[in-house]
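Colleague: Here it is, the structure in full.
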Amino acid sequence: MRNNYEEAANKNAAYGDDSPIAAFATTPGNSALTMIRCSGKGAIEMASSVFEPPKIKDVSGNTVVHGWIVAANEKIDEVLVSVFHGPKSYTGEDSLDICCHGGPSAGRAVLLALKSAGFRDALPGEFTFRAFMNGKIDLTRSESVMELVSAKTETGRRHAVMRLSGSLYAEISDIKNLLVQVLAGAEIYLDYSEDEISADSDDETTGRLPGRDIALTALERLKKLYASWQLERLYQEGVTAVIAGRPNAGKSSLFNSLLKEDRSIVTEIPGTTRDWIEAWVSIEGIPVRLVDTAGLRDSSDSVERIGVERSRKLMEEADIVLYLIDGAQGVTNEDRDFIAGYAGGSGREAQSAAQKLLLLWNKADIAPVSAVQPPQGEFAANGVISVSAKTGEGLNNLYTAIGSAITRQTTDLQQSETYASLGTERQKNLTGAACAALEEALALAEKEEPLDLIAPLLREAVNALGEITGEVSTAGILEEMFSRFCVGK
């Protein structure tokens, strides 16, 4: 009966209530400790009913209590409970963090005891949702919580921490305040006749936009913020770099060297790699999905042919292609045909292909590139990088070249580590909407259109920025956003 009741309670659970909730804050598994988070109205009293000795409800906030979780007079696990009284907690409610033993069963047994006491399972992101609803954090900080959890590199982590610390919120608020000034000036002119406006006012006439210079400053900052997403997306989502070349050029050896572990099988037999293998690495602070592919050649082996076809498909989809030339054999006709076919021709498409192609002269330890004239031309705009997958020679130069190739299209977006940047596509879309509305307002002002056409556009820009921080929001938007979080956050 209780299980049916619990299922019904969780089925009817919704964001926005204050009922006691519980969930794993760490993934259950083979570890020393597991953390379970609890929050909600009456959470401390409810947890006391399954805690021995039952003194949790009597302690002050920010206190750690030692004891046992019990159920049906049976000791479940020895735990440490951190007690937080609202509003001085992460969620702004009465909360507890229960630290129990690790392993696959201890945490589940503790969570089951909590549910028997009346807690329900937390919805995805419900703790952070409550923190937002109770005014503990804004939406930009809320989103940065999941960015921090899913950060793939140290750079991604640093940027998420900056947003969690309020850098983006502060920038959005400053820009919004500038637009509010402009909007207020425009509405003054709309509310009063021209004769009622002081003749010595510094503002422009009613046919133009009061505070136009302020609006231009806001637009410049918005554009810079909008552009930050292109680079930030690289740090979060990463890119795909495919290692390609003829059989036995050293692709698998390079893959292992970049990965700093033996993942691909390396032999002197051409065609050893029949299919692709991938792994994530961090290069210049950017997550890179590194893919080792089958050697490019014509083969009568049907399995190897399939591998070559897959390699070519991966290269078409890749952001970076690392093409290895076997230094021991020098540049072959097959190398020339590939390079000419991949980055040959003219136009924007060919230029884009050439920009993502990096030519590597491998086996430089036994065949230095200076001893042979390397391929040159438009397809080799990035130069030929001399490396040795065996000894590690030239790998630092390769790391730099890969980082440069990735960010080549976003060179103008490089910014200081202290500047605010967008962290989600939602923020990017709303910033873009604010930019578009403000640009249209300024364009109308240049044509000396009436302010009653301009003011609504300014209001639209202000509301878009308010939606980024959560000052303007709807229940549906919030539920959609927080449902993407992991449970326990």
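The numbers here are math on the coordinates, done by the rules we state, and not lab data. Note that the structure is predicted; figures quoted are calculated from it, not measured. Heads up, the Cβs are rebuilt from the backbone with ideal geometry, glycines too, and the neighbour counts pull from every protein chain shown.
Colleague: Which lysines have a Cα less than 26 Å from the Cα of residue 152, not counting those fewer than 8 places away in the same chain?
Modeller: Of all the lysines, those that pass the test against residue 152 - Cα under 26 Å, at least 8 places apart if same chain - are 224, 251, 260, 313, 356, 428, 489.
Colleague: Moving on. Could you order the peptides 319-332, 103-116 from most to least packed, using the average number of other C-beta atoms within 10 Å per residue?
Modeller: Working: 319-332: 20.2, 103-116: 18.6.
Put in order of decreasing packing, that is 319-332, 103-116.
Colleague: Can you compute the modelled spin-label distance between residue 184 and residue 336, with each label point 7 Å from Cα toward Cβ, in nm?
Modeller: 7.2
Colleague: Roughly how compact is region 438-489, stated as its Cα Rg over 2.2 N^0.38 Å to two decimals? Mind showing how you got there, number by number?
Modeller: On the way: Rg = 16.6 Å, N = 52, 2.2 N^0.38 = 9.9 Å.
Normalised by 2.2 N^0.38 Å, the Cα Rg of region 438-489 equals 1.68.
Colleague: Taking the highest mean first, how do the peptides 18-26, 153-161, 126-134, 248-256 order by number of other beta carbon atoms within 10 angstrom per residue?
Modeller: Working: 18-26: 20.9, 153-161: 19.0, 126-134: 22.8, 248-256: 24.3.
Put in order of decreasing packing, that is 248-256, 126-134, 18-26, 153-161.
Colleague: Let me ask something else about it. Please express the shape of region 2-133 as an equivalent ellipsoid: the semi-axes are the square roots of 5 times the eigenvalues of the C-alpha gyration tensor, given largest first in whole angstrom. It would help to have the intermediate numbers written out before the result.
Modeller: On the way: eigenvalues 81, 63, 43 Å².
Output for region 2-133: semi-axes of 20, 18, 15 Å.
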